[in-house]
Amino acid sequence: MFEDLRDLYQEVIFDHNRNPRNFRVMENADRQVEGFNPLCGDRLTLFLKMDGDVITDASFQGSGCAISTASVSLMTEIVKGKTEVEAEELFTKFHEMTTGKEEHINLEALGKLAVLAGVREYPARVKCATLAWHTLEAALKNEASAVSTE
Amino acid sequence: MSSFDVNKIRQDFPILAEKIRGKDLVYLDNAATCQKPQAVIDSIVQLYSHDYANIHRGVHSLSVRSTDKFEAARSKVKSFINANSDKEIIFVRGATEAINLVAQTYGKANIKAGDEILITAMEHHSNIVPWQMLCEQTGAVLKVAPINLKGELIYSEFEQLLSDKTKLVSVVHMSNALGTINPAKKIIAAAHAKGIRVLLDGAQAIPHMAVDVQELDCDFYVFSGHKLYGPSGIGVLYGKQSLLEAMPPYQGGGDMIRKVTFEETEYNVLPYKFEAGTPAIADVIALGAAIDYLVAIGMENIAAYEAELLDYATAKAKQIEGLTIIGEAEEKGAILSFTLNKIHPHDIGTMLDSLGIAIRAGHHCAMPVMDFYGVPATARASFAMYNTKREIDVLMSGIQSLIEVFG
């Protein structure tokens with residue numbers, strides 16, 4: 001019935017929405033930042049454990065739509081073990097993929113995150129996918145205040 | 001017209017024939033804005049094609065024609081809400097501007113530090129923020145009357161909050177997020193008994209029921225044209241003439257003056273005192289056309305048909321497992337706000353859109369209402385006179401399907 005939406009709602013997204021990974025409060029987190037999308041009320045808290053400039057652990061709490069939950073769940077998986085610079089690079093690629101500014105996006109470099117490429121066709125939903133990454137960026141820059149997509 | 005013929009009405013709305021993603025459009029976002037009948041569209045085309053010039057200025061023929069049509073629309077609004085005089089009908093950009101106007105003129109002139117303004121917990125942001133701004137400017141205090149879980153005003157608590165300090169009550173006639181229709185007459189009578197003025201925010205109520213400002217005895221009534229099947233960017237402030245006359249002007253400029261020198265300015269009479277600058281001429285005239293259209297159908301007929309739609313939709317919604325209706329007031333307009341277990345309203349909105357169904361997903365500019373129910377957002381289907389039971393069936397089967405897909 002929802003054939004048109006297959007690109008947006010891939011099975012991986014349903015899976016991460018039903019069973020979000022790293023969905024927990026992190027005791028003794030080195031970074032803790034809140035992300036908020038006032039448009040839809042999505043709210044998340046991102047926790048990071050750092051060893052120098054390497055992200056050794058990432059987890060989150062909060063509630064949001066399937067796109068935003070899957071996006072943050074996938075992100076916490078993929079950034080573990082990455083340096084700050086590598087995480088920033090991923091964010092740049094992810095942003096290009098979801099906003100469709102680049103003609104030829106190397107989806108392979110994005111690994112599992114490529115399942116979120118479908119949001120490009122749904123401008124109203126891009127912020128759902130990018131909230132997690134904006135929050136990560138704030139956490140890496142050690143910005144104490146909450147970030148908002150607006 | 002005594003019998004209500006929804007199929008005939010649907011034919012008057014060209015957009016209802018649109019296909020969305022290849023499917024028949026099912027437009028259920030009427031609380032956000034209503035679609036426009038051909039008569040409204042035609043009135044704009046007619047004006048710009050044959051009659052358009054600036055109003056209240058020229059002696060030339062087109063200016064006279066535009067002015068006559070513009071002022072005729074004012075009379076239509078006056079009759080539609082049964083105001084006492086055309087002077088009580090002020091054209092503004094919408095309900096929001098009307099509330100801001102009252103806050104910044106009546107409010108600034110009459111409300112002082114320590115005074116109280118009373119609203120309810122079900123208000124739209126447009127009936128919260130202008131009062132917060134006024135409170136910041138004057139040192140007045142904003143009081144909020146609570147609601148119960150059904151989404152109804154707790155009247156006894158409201159009454160207790162009417163104090164010697166209360167200077168103004170500003171309440172929504174019908175809630176956009178919950179559908180609740182407030183007991184306006186009772187609220188107004190109780191406030192008046194204590195000498196307190198009352199503003200009714202009629203943005204949602206106006207397309208769904210007959211409104212009689214004299215019978216209600218409200219001091220101010222505000223609404224937007226675009227929710228009344230008219231254009232966006234136009235709205236109405238009704239105020240009792242004696243109040244409007246005593247109020248200082250809102251914005252300065254052309255049309256709102258009688259005489260200007262560099263030493264002083266003499267303001268124009270009502271309603272022009274509050275209408276600075278060239279107004280939305282075509283939109284006012286098209287709002288008049290919308291009112292003509294509605295009067296021909298009859299607001300009572302519309303209200304009766306929509307009540308039937310809401311009953312049907314509510315009964316169907318209750319059969320869906322995992323669906324929770326937000327807002328179950330005894331007195332309720334044609335709005336069905338709901339949540340689904342573990343499925344975010346934005347996902348509901350996107351999935352229904354792929355089936356051609358337009359609903360609203362979000363906080364409905366009523367974040368305090370969402371906080372009260374402990375939800376970030378709701379999905380909302382809001383009905384208009386052109387919706388059908390068949391469309392409600394399409395909505396409900398869409399909801400069933402998306403529940404299955406989400407698992």
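The values are calculated or read from the model by the stated rules, or taken from the named source; none is laboratory data. Worth saying up front: this structure is predicted, and the values here are computed from it rather than measured. We place every Cβ from the backbone using ideal geometry, glycine too, and count neighbours over all the protein chains shown. We work out accessible area using only protein heavy atoms, side chains counted, and drop any ligands, DNA or RNA first. Shrake-Rupley method; radii C 1.70, N 1.55, O 1.52, S 1.80 Å.
Given the structure, is A:Leu46 more than 14 Å from every other protein chain (Cβ to nearest Cβ), part of a helix (DSSP H, G or I) and of a type outside the set (Ser, Thr, Tyr)? So A:Leu46 does not fit the description; no. In region A:26-37, of all residues being open to solvent by 30 Å² or more (accessible area, probe 1.4 Å) and within 17 Å of the chain's Cα centre (by Cα), the one that is farthest from the other protein chains (Cβ to nearest Cβ) corresponds to A:Arg31.
Restricting B:Ala121, B:Ala73 to residues that are more than 30 Å from B:Ala329 (Cα to Cα) and either of a type in the set (A, V, I, L, M) or surrounded by 15 or more Cβ atoms within 10 Å (Cβ to Cβ) (or both) narrows the list to B:Ala73.
Report whether or not B:Lys112 is touching a Ser or Thr at 6+ places or on another chain (Cβ under 9 Å), modelled with pLDDT of 95 or more and surrounded by fewer than 21 Cβ atoms within 10 Å (Cβ to Cβ). When the stated conditions are applied, B:Lys112 passes them. With respect to being within 14 Å of chain B (Cβ to nearest Cβ) and of a type outside the set (Val, Ile, Thr), A:Ala70 fits the description. Within region B:356-399, the set of residues being part of a strand (DSSP E or B) and closer than 22 Å to B:His208 by Cα comprises B:Ile357, B:Ala358, B:Arg360, B:Ala361, B:Thr378, B:Ala379, B:Arg380, B:Ala381, B:Ser382. Does B:His364 satisfy the criteria of being within 14 Å of another protein chain (Cβ to nearest Cβ), over 23 Å from B:Met174 (Cβ atoms), of a type outside the set (Phe, Trp, Tyr) and out of contact with any Pro (no Cβ under 9 Å at 6 or more places or on another chain)? When the stated conditions are applied, B:His364 does not pass them. Among the numbered conditions (1) in contact (Cβ under 8 Å) with a residue 12 or more places away in the chain; (2) over 21 Å from B:Ser354 (Cβ atoms), the only one that A:Gly52 does not meet is (1). Given the criterion crowded, with 16+ Cβ neighbours inside 10 Å and at pLDDT below 95, identify the matching residue among B:Ala303, B:Ala289, B:Ala276, B:Ala282. So the residue among B:Ala303, B:Ala289, B:Ala276, B:Ala282 that is crowded, with 16+ Cβ neighbours inside 10 Å and at pLDDT below 95 is B:Ala276. Listed conditions (1) crowded, with 19+ Cβ neighbours inside 10 Å; (2) touching a Lys or Arg at 6+ places or on another chain (Cβ under 6 Å) are all met by B:Glu266, apart from (1). Taking the criterion of being within 20 Å of B:Ser337 (Cβ to Cβ) and either of a type in the set (Val, Ile, Thr) or open to solvent by 10 Å² or more (accessible area, probe 1.4 Å) (or both), the residues of region B:145-172 that qualify are B:Pro146, B:Ile147, B:Asn148, B:Leu149, B:Lys150, B:Glu152, B:Leu153, B:Ile154, B:Val171, B:Val172.
Only one of the numbered conditions (1) touching a Ser or Thr at 6+ places or on another chain (Cβ under 6 Å); (2) modelled with pLDDT under 95 is violated by A:Val54, and that is (2). Residues that are touching a residue at least 60 places away in the same chain (Cβ under 8 Å) and of a type in the set (Asp, Glu) within region B:89-127 comprise B:Glu97, B:Glu123, listed in sequence order.
Only residues that are open to solvent by less than 10 Å² (accessible area, probe 1.4 Å) and within 13 Å of B:Leu237 (Cα to Cα) were counted across region B:199-215, and they come to 6.
Test A:Ser63 against the criterion of being in contact (Cβ under 8 Å) with a residue 40 or more places away in the chain, within 14 Å of chain B (Cβ to nearest Cβ) and not aliphatic (A, V, I, L, M), and give yes or no.
Criteria not met by A:Ser63.
Of everything in region A:3-22 that is open to solvent by 20 Å² or more (accessible area, probe 1.4 Å) and either of a type in the set (S, T, N, Q) or closer than 14 Å to B:Ile348 by Cα (or both), the residue that is nearest to the other protein chains (Cβ to nearest Cβ) is A:Asn17. Checking each residue in region A:57-81 for being part of a helix (DSSP H, G or I), in contact with a Ser or Thr (Cβ under 8 Å, 6 or more places away or on another chain) and more than 16 Å from A:Val126 (Cβ to Cβ) picks out only A:Thr76.
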